[in-house]
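Here, each number is a calculation from the coordinates, and none is a lab measurement. None of these values were measured; they are calculated from a predicted model. Ideal geometry is used to build each Cβ from the backbone, glycine not excepted, and the neighbour counts take in all protein chains shown.
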Amino acid sequence: MSVRVRFAPSPTGKLHLGNARTAIFNWLFARQLKGKFVLRIEDTDKERSSPEYEQQLKENLKWLGLSWDEGPDEGGPFAPYRQSERLEIYQHYLKKLLEQGRAYYCYCSQEELEAERKLCLAQGHPPRYSGKCRHLTETKRRRYEAEGRRPTIRFIVPDEVVEFTDLLKGKMRFYAGDIGDFVIVRSNGLPAYNFAVVIDDALMQISHVIRGEDHLANTACQILLYEALGLARPEFAHHPLLLGADRSKLSKRHGAVSVEEYRREGFLPEALFYYLATIGTGGKKEILDKEALIAQFDLSKMGRGNAVFDHKRLLWINKHFLRALPPETILDHVRPFLPADIKDRNKVEEIIALIRENIETLKGIKEFWPIFSQAELELTDEVIHILKQDEAKTVLNVFYKEFDITPQKYDEIFKKIQQKTGLKGRKLMLPLRLALTGRRSGPELHKILSFLPSQWIKARIEKALRNT
Ligand code: GLU
């Protein structure tokens, strides 16, 4: 059997890190086994879905480095890949269920359902629909229709035990009786998730459904539908969820949770990809590139245990990739943070190679950027305060005198200032660094200065002296 997996996001919000992780697992699995990775857009929740979110999801998946073999824009043998374009297909299967007497119209109002739910809870049962509308008489049905009630359609859950072997969790058992007849078509006529997903996974010949364990209960419903519709079911693998430090499901309460936010914060896609691919898998901590991740991917390890999101580790990984990737790759990623009119690519790559040891995210490059792109720098009150100290002023004055507008050997100038002032180390270098870069730390000063026109250096020292 050929491997076909899918990522099936609902375009109702930004791409969550947890979902991105699921997408990565599916992608790695497909790439390792030379299978197909399908992108399917589950947009039947009309109120909450939007084309803008779909666009953003796709962009963020691409940014992470994921590519799909079949999808809404790419097409493929089982097109269309957007659920809102597959409504006729669902109708066909709905008709089948209705004709076989395996589904029925339910006219219960939200209030009635809520009252039932409360009653269940009060009696100490898990809430479940009573099946009240299963045996509606034709008269009653007509009366509800005349009242203008818009029915949902429910699947008749058989009284049986649902069993399946999850590739990660092992044997699973659910009592279908606990589930209650669930909605397969909403009152607006659109298919509910559990119904559409079964038809799509079956028709798209998905071999493995790899998703978060929060879908386990849905899987029981889905298996009942596979059986009722006579469709072959895929293998299932439910992985543990991404958790926050308090071990609850990672959510906005924990801070940034969307790929978009990490992208804007200046994380490299390579770093986020690697982190999401390996978090919670235990084992080696050696950092691997994508090819190695594909080769070593082991689905069984994805079920190992909790994946507690650790921002510090992600930052550490990001720093690793900032140092390890070729400067040209970093330049491509850092572009959105820098002005659009970069002309000299080579020079910028050299600057990146120079400052990458001193930054944690791409935003760091943005912070260093003014040093290399404008003649004069802003000096904060704190900087001016330091530069006003006598020793600092002396250093700046001597530097200004020694400095000559022709190309300089800065190390030699620093040595000269040391001889003349008797100052060395921080006392010598900090005032110069502050006046010339506006910052307390960074790469070696002489290396920075070698990138700057002499006029700028002169202007910066003059500005510092004017302010002291
Ligand atoms: N659209 C569903 C979601 O985003 C897909 C779940 C699944 O993989 O079946 O949660």
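Under 5 Å between amide hydrogens, which residues at least 5 positions from LEU243 or on another chain qualify, with H placed 1.01 Å from N in the peptide plane?
The list, which skips near neighbours in sequence, is LEU250, ALA307, VAL308, PHE309.
Once amide H atoms are placed 1.01 Å from N in the peptide plane, what residues at a sequence separation of 5 or more from ASP166, or on another chain, have their amide H within under 5 Å of its amide H?
LYS171, MET172
Between GLN123 and TRP63, what FRET efficiency comes out of the Förster formula 1/(1 + (r/R0)^6) with R0 = 45 Å and r the beta carbon distance, rounded to 0.05?
0.35
Could you work out how much longer the chain between GLU378 and TYR175 gets when fully extended? Use 0.36 nm per residue separation minus the Cα distance between them, nm to one decimal.
Extra length from GLU378 to TYR175 when fully extended: 66.2 nm.
Tell me, LYS285, LYS415 in order of fewest to most beta-carbon neighbours within 10 Å?
Neighbour counts put them in this order, fewest first: LYS285, LYS415.
Give me the extension gain from GLN455 to GLU147: residue separation times 0.36 nm, minus the current Cα-Cα distance, reported in nm with one decimal.
Extending this stretch completely gives an extra 102.6 nm.
For an R0 of 30 angstrom, estimate the FRET efficiency from the Cβ-Cβ distance between LYS285 and LEU231 and round to the nearest 0.05.
0.10
Over the chain, what relative contact order in percent results from Cα pairs under 8 Å that are six or more residues apart?
Relative contact order comes out at 13 percent.
Using DSSP to call loops (not H, G, I, E or B), can you name the GluC sites (Glu not before Pro) in segment 130-196 whose Cβ has at most 11 other Cβ atoms within 10 angstrom?
GLU147
Just tell me which lysines come within less than 19 Å, Cα to Cα, of LYS401; anything on the same chain fewer than 8 places away is out.
Partners found: LYS388, LYS393, LYS409, LYS415, LYS416, LYS420, LYS424, LYS427, LYS458, LYS463.
Let me have the 222 nm mean residue ellipticity of the chain computed from DSSP H runs of 4+ only, each contributing -39500 (n - 2.57), with the sum over all residues rounded to the nearest 500.
-14500 deg cm²/dmol, from helical runs alone.
Can you list the residues, at least 5 places off or on another chain, whose amide H is less than 5 Å from the amide H of VAL157, using H built in the peptide plane?
ASP181, PHE182
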